[in-house]
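Have a look at the structure below, then the notes.
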Amino acid sequence: MRQGQGRETPIKGELVVFSGSSSHPLTRAICTYLGIKPSTASVQPFPDGETFLKLENDVRGADCFVIQSTSPPVNDNLMELLIFIDSLRRASANRITAVIPYFGYARQDRKAEGRTPITAKLVSNMIVTAGAHRVLAMNLHAEQIQGFFDIPMDHLSATRVIAEHFMGLGLENTVLVSPDVGNLKKANEFASIVGAEMAIVDKRRQAGDSIEAVRIIGEVEGKNVMIFDDMIATAGTVEGATRLVKSRGAKSVYVGATHGIFAGKAVERICDAGIDHLCVTDTINMRGEVLAALPMLRVVSVAPLLGEAIRRIHRHESVSALFATDNGS
């Protein structure tokens, strides 16, 4: 039986970790933390675009974790996750945990207007129906999505991981700017960890990929500004906030986000905005062209955080204690 770090008591079911196509580097790092080798599966497309998947390891009675971010291409990666879960269920896995470092469709968490879906709930239902017994995710865009699942759902935060990176830069005379009012809770947590003052950007969304930063509440003149958000998708929010604080006399701008999606014109906008330093985590596998185009970008790993959560879930230990450590409380 393979063993995770620090195992002291026998656990029913071997710990088995699989990686979906979107999360191979992160899965390898998590397995290194756990002291195990990732299990393997063959994933191949049919000529008509369908996905075929075959597990290469026996999982009967095992405690299985499948790690897959539903990042772009979102629908392909989501479908692969569902097929993975179904394969594990039909192969008689004892327990199946879907580890979703980045949960796509999280922004569609409510009916913002008539005749529209709540797609985050639909995706949650699909994961449960496929056969998952538990879900582990990181920095959901809307925390209420936890309640969309009718199975245990553990929600981790990468705030401390990014905050520790920023503290290692040795910045002084700092202020933490929340790029919008909706992000205020996360930004306040970040500011508490790094010991910075707070300011808030008042923004208006013009379209799906167009943001107008209207005004800033707080003082940024002559300061090193830190901007923290849960994700950078098209970078409209980050670009608008950066331009606004620089127009108000900010000395420099340091941006941190958990999920680096970088869709559409994101790379171009980040370059044009004049961001001095950008930090994201490895919840989404970073494309080589993005790394080449953004020399100010640094990627920090959440593998130890996810690995420890997996270890605790496998051992039936408290994951809440991990939340407390993660929040700095």
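The values are calculated or read from the model by the stated rules, or taken from the named source; none is laboratory data. Predicted model only: the values in this text are computed from it and were never measured. Cβ sites come from the backbone with ideal geometry, for glycine too, and all protein chains shown count toward neighbours.
Among the candidates A62, A112, which residue alone is touching a helix residue (DSSP H, G or I) at 6+ places or on another chain (Cβ under 9 Å) and small (G, A, S)? Every option except A62 fails the conditions. Restricting T281, T234 to residues that are in contact with a helix residue (DSSP H, G or I) (Cβ under 9 Å, 6 or more places away or on another chain), touching a residue at least 60 places away in the same chain (Cβ under 8 Å) and of a type outside the set (A, V, I, L, M) narrows the list to T281. Among residues of the stretch 61-90 that are part of a helix (DSSP H, G or I), those with a Cβ under 9 angstrom from a residue that is of a type in the set (F, W, Y) and surrounded by 18 or more Cβ atoms within 10 Å (Cβ to Cβ), sequence gap 6+ or separate chain, pair up as V74/Y105; L78/Y105; F84/F18; L88/F18. Would it be correct to say that A132 is closer than 18 Å to G307 by Cα and surrounded by 23 or more Cβ atoms within 10 Å (Cβ to Cβ)? No: the conditions fail for A132.
Of the residues making up the stretch 101-118, those that are in contact (Cβ under 8 Å) with a residue 12 or more places away in the chain and hydroxyl-bearing (S, T, Y) are Y102, Y105. Going through (1) farther than 20 Å from P152 by Cβ; (2) crowded, with 21+ Cβ neighbours inside 10 Å; (3) out of contact with any strand residue (DSSP E or B) (no Cβ under 6 Å at 6 or more places or on another chain) one by one, S92 falls short only on (2). Across the stretch 10-57, the number of residues qualifying as acidic (D, E) and either surrounded by 13 or more Cβ atoms within 10 Å (Cβ to Cβ) or touching a Cys at 6+ places or on another chain (Cβ under 7 Å) (or both) comes to 1.
Which of the strands (runs of 3 or more DSSP E) contained wholly in the stretch 127-191 include at least 1 residues that are under 18 Å from Q68 (Cα atoms), of a type in the set (A, V, I, L, M, F, W, C) and assigned by TED's automatic domain parsing to the domain that holds I67? Step through it out loud before you land on a result.
Working: elements: 134-138, 153-156, 174-178.
Passing ranges, in order: 134-138, 153-156.
Of the numbered criteria (1) on the phi < 0 side of the Ramachandran plot; (2) modelled with pLDDT of 95 or more, the one E113 fails is (2).
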